[in-house]
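Accompanying notes for the structure given below.
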Amino acid sequence: MCLSAASAASPSRFLSPSSSALPRRFLHHLLAAPPLRSSLRCIPFHRMAQFWTQGSLDKNKALVEYLKQYGAVRTDKVAEVMESIDRALFVAEGLTPYTDSPMPIGYNATISAPHMHATCLELLKDHLQPGMHALDVGSGSGYLTACFAMMVGPEGRAVGIEHIPELVAASTENVQRSDAAQLLKDGSLSLHVADGRLGWPDEAPYDAIHVGAAAPEIPQPLVDQLKPGGRMVIPVGSYFQDLQVVDKNDDGSVTVRNDASVRYVPLTSRSAQLQDS
Ligand code: SAH
């Protein structure tokens, strides 16, 4: 198990009055960083401590450097975008944003671990060229939607869909403080309250679709909204989950492969997600 600083802290900025403690059944999402390659699975404490003690301006850059060393960030393109979007803006005060761990954002949701963000950005980077359309289902903190927006630029579209209205409000504030603020203002980045299982037809078809919560099976509306030549990255499963890479071929058929075993919160209904919060 990797470092779990998140488990000790309560993100008061995001929590509703009724969710001051996360229910037991969601704790494992916080305690278990999703496994990647074996070299990434466990981060020596002294290596991470070195990142906590640096000056605040450099810490996000140092986190990206760390992710490079451990193989999660492999390209300059992904390094640049993760350096430009400061993770601290998307994590509640009092937590440690620069550790490689998922962290609670309230409402039984988490911001994914940095190495999962990096993994998804690496898998999707060729489908996040300037001018392309990207959909982020279960946008949560808004971190990845902001990264997508920076990559597709002002001529592209980055759409975040999240079914908890309070998280959409919080993520909008997060993005407004980030380097992606202008893109939000100009409308190439947008965040919406909706059921992500239905996608967002308004900006379809998408070159890239990311799903930030685990679906029991790949939702057909998302496949329908993927452009031929486009790619979707989606965790599929319940307790045991695979990060699946879905490529849509030119004839409309899809090719699916498993990239890694992962652990995400479920892609579900709002009431099921909040039932024991
Ligand atoms: N990529 C996000 C992950 C957030 S956790 C981040 O790193 O911040 C997954 C998110 O999916 C949660 O915010 C949860 O509220 C949301 N979610 C779950 N089911 C959903 C659904 N049916 N429609 C939209 N969002 C959903």
**OP:** Give the number of residues within segment 243-258 that are open to solvent by less than 50 Å² (accessible area, probe 1.4 Å) and either in a strand (DSSP E or B) or within 14 Å of the ligand (Cβ to nearest atom) (or both).
**Re:** 6
Original post:
Is there a residue being part of a strand (DSSP E or B), open to solvent by less than 50 Å² (accessible area, probe 1.4 Å), over 11 Å from residue 211 (Cα atoms) and in contact (Cβ under 8 Å) with a residue 40 or more places away in the chain anywhere in segment 262-269?
Top reply: yes
Original post:
Tally time: how many residues in segment 68-88 are within 26 Å of residue 182 (Cβ to Cβ) and buried (at least 21 other Cβ atoms within 10 Å of the Cβ)?
Top reply: 7
Subject >> residue 184 vs. criteria open to solvent by less than 20 Å² (accessible area, probe 1.4 Å) and modelled with pLDDT of 95 or more >> reply: no
Original post:
Of all the helices (runs of 4 or more DSSP H) wholly in segment 102-181, which have at least 2 residues that are in contact with a Gly (Cβ under 6 Å, 6 or more places away or on another chain), crowded, with 24+ Cβ neighbours inside 10 Å and not charged (D, E, K, R)?
Top reply: 165-176
**OP:** Taking only segment 61-114 into account, find how many residues are aliphatic (A, V, I, L, M) and on the phi > 0 side of the Ramachandran plot.
**Re:** 0
Subject >> Which listed residue is touching a Phe, Trp or Tyr at 6+ places or on another chain (Cβ under 7 Å) and touching a residue at least 24 places away in the same chain (Cβ under 8 Å), from 163, 192 >> reply: 192
Subject >> Tally of residues being within 14 Å of the ligand (Cβ to nearest atom), open to solvent by less than 20 Å² (accessible area, probe 1.4 Å), part of a strand (DSSP E or B) and out of contact with any Cys (no Cβ under 6 Å at 6 or more places or on another chain) across segment 187-225 >> reply: 5
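The values are calculated or read from the model by the stated rules, or taken from the named source; none is laboratory data. Remember, it's a predicted structure, so these values are computed and weren't measured experimentally. Quick reminder, even Gly has a Cβ in these numbers, built from the backbone with ideal geometry, and neighbours come from all protein chains shown. The protein model used for the area step is the full one, side chains on, heavy atoms only, and it has no ligands, DNA or RNA in it. Shrake-Rupley method; radii C 1.70, N 1.55, O 1.52, S 1.80 Å.
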